[in-house]
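What follows is a set of notes on a single structure, which appears directly below.
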Amino acid sequence: MQIETLKVFCDLAETTSFTKAAKINGVTQSAVSQQISSLETKFDAAFIERSKKKFTLTKEGEMLYKYSKQIVQTYDELRHKVQEIQNVVTGTIKVVTIYSIGLHELPPYLKKFLKKHPTVNVSVEYRRATQLYEDIVTGMADIGLVAYPQKDPRLQVTSLAEDMLVLICHPDHPLAQQPKVKLSEIASHKFIAFEPDIPTRRAIDKILRDRNVEVDHTMEFDNIETVKRAVEIDAGISIVPRSPVAQEVTKKTIAMVEIEDEKFYRPLAAVHKKSKVLSPAMREFLALLKKS
């Protein structure tokens, strides 16, 4: 019996999915099944309730998970401590991020990190916020980059920078001719919004609601890039984070107008599972993001 087999079992218990456990460990679903069977043979016990449709551990399975988790975490701590003593920063970091951060905030920091630590393999995948949190909690990813981080006792949140929210519109739009715009002035214009379940959309809705401003949501999209394209063709105006539109503003395909009422900021954060043992590479990566 190897520690890797115990890790596979822990991942299966936490994700309740043979497919996800296989993906986390870079093996086939069949290999996961075989390793679970070998554990059951070794202990002469059933660890999964196979008579139930929903994935459920038996009492023996819950006990195996409890102690296997301790063994795996202790092994990870030992492995990372040895790396620290040897001053080695290597390994793999799985990052999941929302589109706006991954496309516009992350690249310069990632480039700097990889230049300093060329032996570290950083994989980046784009997720909607709801899927991102699930990936972190289930162990599908190591670090998540989000806006408006949600409170969850299972997560450790590292606050990063804040990005100002700005009004954007087509350069020929009437509002583009003004240096500043009051929120009350946008009510009569077509509004391009993020989809309702996206945290930035919820935050913008609250800002408008608190100021009794109602807008006409003519289009809704799930990412910043599509919102920008809609504004570029003059389909409506929008409120978005400033950084992701910097390039379009420079090229003058989009006009950015400051909001007069007050300055609104979108908080950014890195999240990881509290129980996760961070490798030296992961800690270095988080430190760079936080410092920057």
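Things to note:
- Within region 47-63, the only residue that satisfies the criterion of being of a type in the set (Gly, Ala, Ser) and surrounded by 13 or more Cβ atoms within 10 Å (Cβ to Cβ) is 61.
- When the residues of region 162-190 are filtered to those that are without any contact (Cβ under 8 Å) to a residue 60 or more places away in the chain and in contact with a strand residue (DSSP E or B) (Cβ under 7 Å, 6 or more places away or on another chain), the one that is nearest to residue 242 (Cα to Cα) is 186.
- Lone unmet requirement of (1) assigned to a helix (DSSP H, G or I); (2) farther than 30 Å from residue 36 by Cα for residue 76: (2)
- Test: residue in region 176-183 that is under 30 Å from the mean Cα position of the chain (by Cα) and in a loop (DSSP other than H, G, I, E, B): no
- Any chance residue 140 is in a loop (DSSP other than H, G, I, E, B), surrounded by 13 or more Cβ atoms within 10 Å (Cβ to Cβ) and at pLDDT below 95: yes
- Yes/no for residue 21 being in contact with a Ser or Thr (Cβ under 8 Å, 6 or more places away or on another chain), aliphatic (A, V, I, L, M), exposed (fewer than 15 other Cβ atoms within 10 Å of the Cβ) and free of Cβ contacts under 8 Å to residues at least 24 places away in the same chain: no
- In region 96-125, the residues that are in the same structural domain as residue 281 (by TED's automatic domain parsing) form Cβ pairs under 6 Å with partners that are buried (at least 17 other Cβ atoms within 10 Å of the Cβ) and among the acidic types (Asp, Glu), at six or more places apart or across chains, as follows: 96/135.
- Cβ pairs under 7 Å, 6+ apart, first in region 51-70 and at pLDDT 90 or above, second among the small types (Gly, Ala, Ser) and assigned to a loop (DSSP other than H, G, I, E, B): 58/46; 60/45; 60/46
The values are calculated or read from the model by the stated rules, or taken from the named source; none is laboratory data. The model shown is predicted, which means the values in this text are computed figures rather than measured ones. Here Cβ is always computed from backbone atoms with ideal geometry, including for glycine, and neighbour counts include all displayed protein chains.
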